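Beneath this line is the structure, given in structure tokens, with notes to follow.
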Amino acid sequence: MTDLSVWLEATGAAAGAGGLGYAKVRAPRVYWSLVGMPVTWGRFVLSYRSTMDVCGLTVQPSGLRAFMTRNVARREVQPVPPKIRRVRGTSTGLRVTLLLPAGLEPADLIATSERLRHAWGVYSVTVAETKPGYVELRMTGYDVLRRVRMPRKARPRGMVVPVALREDGTAFERDYRKAPMALTLGANHSGKSMYQRNLIKGLAQLPVALVGIDCKRGVEQTAYAPRLSALATTPDESASLLAVLVAEMEDRFDQLRQHGVSDMWELPAELRPVPVVVLVDEVAELFLISAKKDEERRERIVTALIRLAQMARSVGIYLEICGQRFGSDLGKGATMLRAQLTGRVVHRVNDKQTAEMGLNDVAPDAVPIASLIPMERPGTAVAADSSGGWSKIRTPDTSRDEVAAVCREFAHLVPDFPALKPFRPYVPAAMPAVSPPLGKARPVTS
Ligand SMILES: Nc1ncnc2c1ncn2[C@@H]1O[C@H](COP(=O)(O)OP(=O)(O)OP(=O)(O)O)[C@@H](O)[C@H]1O
């Protein structure tokens with residue numbers, strides 16, 4: 001009897017251990033919630049003070065606090081670490097809010113994040129300043145970018161679209177009012193289209209006009225036609241469409257002047273024109289020319305893009321430009337346009353120079369990170385903006401059919417936009433699951 005119970009216990013334990021081992025690899029979220037989080041939480045609480053001490057993250061207290069923390073027996077004043085304000089477990093890690101004492105700054109914690117990671121046995125520790133004097137330690141228990149699952153609370157709202165996951169487990173959100181114009185770079189098969197696909201999935205659910213420019217004959221964006229207000233699939237169509245958008249921008253400026261405001265968002269909601277997001281896939285197609293006769297068209301396109309990038313923010317027209325490279329090799333106007341695109345997302349690149357094109361002027365520290373993105377991790381990128389901050393992100397693996405279905409579901413949100421009517425893409429009664437054959441994606445002209 002005793003033998004049987006020992007055997008049952010042993011096999012149960014072995015099965016349990018095997019199950020946990022399996023969960024650790026196959027279901028890291030489950031493993032983290034069942035095992036990782038309680039262990040890490042305990043380790044954190046027990047070793048917090050000593051860890052902060054050895055990492056040099058304590059300060060000598062002053063005044064009353066010094067009196068209260070005095071070791072009476074030895075008559076010494078104990079150095080104090082940042083005060084823990086809150087510890088919270090999430091499905092990916094632990095979040096700890098700390099109140100910094102005078103003498104410590106967020107940079108001190110950032111500099112020691114690698115040591116903290118080892119001390120608490122977690123996958124990564126990132127430090128974010130949440131408000132003056134407070135920082136949040138974001139620990140992740142496992143590699144959250146291996147299989148991306150967006151946080152449940154991340155939903156499109158206002159002009160904000162959650163588009164990828166950061167390595168600290170939080171959602172990376174594209175906020176058009178904070179970074180109105182953006183550039184996405186990356187080599188072939190690095191995940192640029194996936195990024196735009198996730199953006200379109202979010203944008204489709206918001207009250208905005210979506211304008212597509214996809215000079216690869218519309219192979220990617222035609223699938224989203226039911227939710228697009230306009231689609232251009234050739235450089236000629238793009239030139240005409242951009243001219244209409246520039247005219248729209250000028251009309252909107254007149255409207256702002258009439259109402260005595262300088263920004264569209266200051267207008268009352270009932271007077272406010274609908275925001276427009278222009279998604280340009282493979283921008284090089286608009287810049288490169290194969291014959292002398294195309295030069296004039298290129299000039300028109302580049303001038304229109306630069307004007308929109310420089311001024312259209314305040315009238316709610318936003319640019320989202322995507323390409324493999326975006327430097328002076330594209331010719332006149334390229335670097336001028338790039339300077340206006342302050343939101344940057346750089347996927348895997350073939351050379352350091354491309355990473356520099358995307359990041360050097362906004363977040364130079366991130367250039368080596370973007371240069372090291374491995375090929376077997378498509379969709380991974382470095383996202384940065386002009387504030388100097390950057391983060392490593394990865395998009396969820398979203399199929400084109402899924403996004404096409406969202407576009408059909410929200411087709412009723414396509415706003416009434418008479419100026420764009422000639423560019424409305426042809427939407428067959430039943431959209432095929434994959435893009436129609438090349439050449440079918442023509443805008444209707446009446
Ligand atoms: N986040 C991701 N997770 C998993 N797979 C991804 C992810 N992003 C992209 N992929 C896969 O990588 C491949 C290339 O992605 P995508 O087409 O988006 O790259 P691209 O940079 O647009 O390539 P190209 O320049 O050739 O059009 C696709 O097979 C896609 O399914």
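The values are calculated or read from the model by the stated rules, or taken from the named source; none is laboratory data. Fair warning: this is a prediction, and the values are worked out from it, not measured in the lab. All Cβ positions, glycine included, derive from the backbone under ideal geometry; neighbour counts span all protein chains shown.
Considering Arg86, Arg149, Arg138, the condition of being modelled with pLDDT of 90 or more, surrounded by fewer than 15 Cβ atoms within 10 Å (Cβ to Cβ) and not in a loop (DSSP other than H, G, I, E, B) is satisfied by Arg86 alone.
Scanning the stretch 145-162 for residues that are more than 16 Å from the ligand (Cβ to nearest atom) and either in contact with a helix residue (DSSP H, G or I) (Cβ under 6 Å, 6 or more places away or on another chain) or of a type in the set (Lys, Arg) (or both) turns up Arg152, Lys153, Arg155, Pro156, Arg157. Here Gly379 qualifies as surrounded by 17 or more Cβ atoms within 10 Å (Cβ to Cβ), within 13 Å of Lys192 (Cβ to Cβ) and among the small types (Gly, Ala, Ser).
Do we find that Asp254 is assigned by TED's automatic domain parsing to the domain that holds Leu341, modelled with pLDDT of 95 or more and acidic (Asp, Glu) in this structure? So Asp254 fits the description; yes. Listed by position, the strands (runs of 3 or more DSSP E) contained in the stretch 163-265 that have at least 2 residues being more than 16 Å from the ligand (Cβ to nearest atom) are 171-175, 209-214, 228-232.
One residue alone among Thr97, Thr130, Thr112, Thr126 is within 25 Å of Val25 (Cβ to Cβ), assigned by TED's automatic domain parsing to the domain that holds Ala27 and not small (Gly, Ala, Ser), and that residue is Thr126. Under the condition of being more than 19 Å from the chain's Cα centre (by Cα) and in contact (Cβ under 8 Å) with a residue 24 or more places away in the chain, the residues counted in the stretch 375-399 number 1. Within the set of pairs 6+ apart or on separate chains, which have a first residue in the stretch 171-200 that is touching a residue at least 12 places away in the same chain (Cβ under 8 Å) and farther than 27 Å from Ala405 by Cβ, a second that is small (Gly, Ala, Ser) and within 15 Å of the ligand (Cβ to nearest atom), and C-beta atoms under 7 Å apart? What qualifies is Leu183/Gly358; Leu185/Gly323; Leu185/Gly358. Check whether at least one residue in the stretch 395-408 is in a helix (DSSP H, G or I), modelled with pLDDT of 90 or more, away from the ligand (no atom under 16 Å from the Cβ) and out of contact with any helix residue (DSSP H, G or I) (no Cβ under 9 Å at 6 or more places or on another chain), and report yes or no. There is at least one residue in the stretch 395-408 that is in a helix (DSSP H, G or I), modelled with pLDDT of 90 or more, away from the ligand (no atom under 16 Å from the Cβ) and out of contact with any helix residue (DSSP H, G or I) (no Cβ under 9 Å at 6 or more places or on another chain). When Arg298, Arg344, Arg377, Arg348 are screened for being farther than 28 Å from Asp168 by Cα, at pLDDT 90 or above and either out of contact with any Phe, Trp or Tyr (no Cβ under 7 Å at 6 or more places or on another chain) or assigned by TED's automatic domain parsing to the domain that holds Leu245 (or both), only Arg298 passes. When every residue of the stretch 140-155 is checked against the conditions, at least one turns out to be under 30 Å from Asn350 (Cβ atoms), among the acidic types (Asp, Glu) and within 18 Å of the chain's Cα centre (by Cα).
Just one of the listed residues (Ala433, Ala366) is at pLDDT below 95 and away from the ligand (no atom under 16 Å from the Cβ), namely Ala366.
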